[in-house]
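Asker: Below you'll find the structure I mean.
The values are calculated or read from the model by the stated rules, or taken from the named source; none is laboratory data. Keep in mind the model is a prediction, meaning the values are calculated, not measured. Reconstructed Cβ throughout: ideal geometry from the backbone, glycine too, with neighbour counts over all protein chains shown.
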Amino acid sequence: MKNEIAKAKIALKNADAILIGASNGLSISEGYNIFADNEMFRRQFGDFRERYGIRSVLDGVFAKHLSQEDYKQYTHRLVRLWVDDYTPSEVITDLRNLVGEIPCFVLTTNADEHLEKAGFPAEEVWEIEGTFRQTRDAMLPENKQAELNEFLKEYGNRNLVILELGVGSRNRIIKLPLMQLALREPNATYITLNLPHEIYIPSEIAGKSIALPGDIADTLRKLSECPNNQTT
């Protein structure tokens, strides 16, 4: 693992651009778990749990049996607690420091806007499935395919690092396109951070890939010890 961390640091230091793919594993490493009926959920949404039998944040977002007024209250509280009141965690701060001034684009299915609040420019973050705020305001997700295409056009055939954070091994929304991109791009390096049982690298890209199994927060801390925006 130590050697793989060193290889990843070198790849990131030499990157012309970084394409980040982030999913639930990144948010969970911060302590925000949309799937969990945990202490945090019960403390924040216990009244909805008792009244409607909701067992997770995601359960509440898709609940069809809430009254219109209660659903409005639920989504307003969710945005307030998980977005507006959010202070960037050490995890997201380490990620921001790791990227530094290197050109970056982010694909994510996380709906919490944490990346933007940590300093990632909003125009460089594509929340593919939308945000909690858009759910609250009944807005459609923004399609940033054109921005992604422009990013890939500019940095294709250059030293592109594809950095995958907490994306499940069978994910087809983010992981599959990123693996396909790694296969197409001759100078790409594919780096994946996840729990050991969720790490998957196909043989076709094994030679240009780095697997970093373990706790994402711990791995990002190790990777960011020499941030790319500083001289080593």
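Asker: Can you tell me how many residues within segment 211-221 are assigned to a helix (DSSP H, G or I) and farther than 17 Å from T189 by Cβ?
Answerer: The qualifying residues number 4.
Asker: Between residues in segment 215-232 that are over 19 Å from S89 (Cβ atoms) and polar (S, T, N, Q) and residues that are modelled with pLDDT under 95 and crowded, with 18+ Cβ neighbours inside 10 Å, which pairs lie under 8 Å by C-beta distance while being six or more apart or on different chains?
Answerer: Cβ pairs passing all conditions: none.
Asker: Also, I was wondering about something else. Would you mind telling me which numbered condition in (1) over 19 Å from S224 (Cβ atoms); (2) touching a residue at least 60 places away in the same chain (Cβ under 8 Å) D59 fails?
Answerer: D59 satisfies every listed condition except (2).
Asker: Would segment 97-108 turn up any residue that is assigned to a helix (DSSP H, G or I), at pLDDT 95 or above, farther than 21 Å from R172 by Cα and within 13 Å of the chain's Cα centre (by Cα)?
Answerer: No, segment 97-108 contains no residue that is assigned to a helix (DSSP H, G or I), at pLDDT 95 or above, farther than 21 Å from R172 by Cα and within 13 Å of the chain's Cα centre (by Cα).
Asker: Oh, and also: Kindly indicate whether N143 is in a loop (DSSP other than H, G, I, E, B), more than 13 Å from the chain's Cα centre (by Cα) and under 15 Å from D16 (Cβ atoms).
Answerer: No, not satisfied.
Asker: So, of the residues in segment 62-82 that are out of contact with any Lys or Arg (no Cβ under 6 Å at 6 or more places or on another chain) and within 21 Å of S29 (Cα to Cα), which turns out to be surrounded by the most Cβ atoms within 10 Å (Cβ to Cβ)?
Answerer: L78
Asker: Sticking with this one: Would you check which residues across segment 1-48 are in a loop (DSSP other than H, G, I, E, B), modelled with pLDDT of 95 or more and within 29 Å of R172 (Cβ to Cβ) and list them?
Answerer: Correct list: A15, D16, S23, G31, Y32, N33, I34, F35, A36, D37, N38.
Asker: Now, a different point. Output the qualifying pairs, or none if there are none: Cβ atoms under 6 angstrom, residues six or more apart or on different chains, first residue in segment 144-173 and assigned by TED's automatic domain parsing to the domain that holds V125, second residue of a type in the set (D, E, K, R) and outside any loop (DSSP other than H, G, I, E, B).
Answerer: Within 6 Å, the pairs are V167/K175; G168/E198; S169/E198.
Asker: Looking at the structure I just gave you, is T135 polar (S, T, N, Q) and surrounded by 20 or more Cβ atoms within 10 Å (Cβ to Cβ)?
Answerer: Considered against the rule, which asks whether it is polar (S, T, N, Q) and surrounded by 20 or more Cβ atoms within 10 Å (Cβ to Cβ), T135 comes out as no.
Residue-by-condition table, conditions (1) modelled with pLDDT of 95 or more; (2) within 24 Å of E101 (Cβ to Cβ); (3) crowded, with 18+ Cβ neighbours inside 10 Å; (4) among the charged types (D, E, K, R):
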site	(1), (2), (3), (4)
E129	yes, no, no, yes
F151	yes, yes, yes, no
Y155	yes, yes, yes, no
P177	yes, no, no, no
H197	yes, no, no, no
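Asker: Quick check: anything in segment 33-56 surrounded by fewer than 17 Cβ atoms within 10 Å (Cβ to Cβ), on the phi > 0 side of the Ramachandran plot and more than 24 Å from the chain's Cα centre (by Cα)?
Answerer: Within segment 33-56 (the criterion being surrounded by fewer than 17 Cβ atoms within 10 Å (Cβ to Cβ), on the phi > 0 side of the Ramachandran plot and more than 24 Å from the chain's Cα centre (by Cα)), the answer is yes, since at least one residue qualifies.
Asker: Counting only residues that are farther than 30 Å from D218 by Cβ, hydrophobic (A, V, I, L, M, F, W, C) and without any contact (Cβ under 8 Å) to a residue 24 or more places away in the chain, how many does segment 29-56 have?
Answerer: Adding up the residues that qualify gives 1.
Asker: When you look at E204, is it in contact (Cβ under 8 Å) with a residue 60 or more places away in the chain, assigned by TED's automatic domain parsing to the domain that holds A8 and either of a type in the set (D, E, K, R) or over 19 Å from L115 (Cα atoms) (or both), yes or no?
Answerer: So E204 does not fit the description; no.
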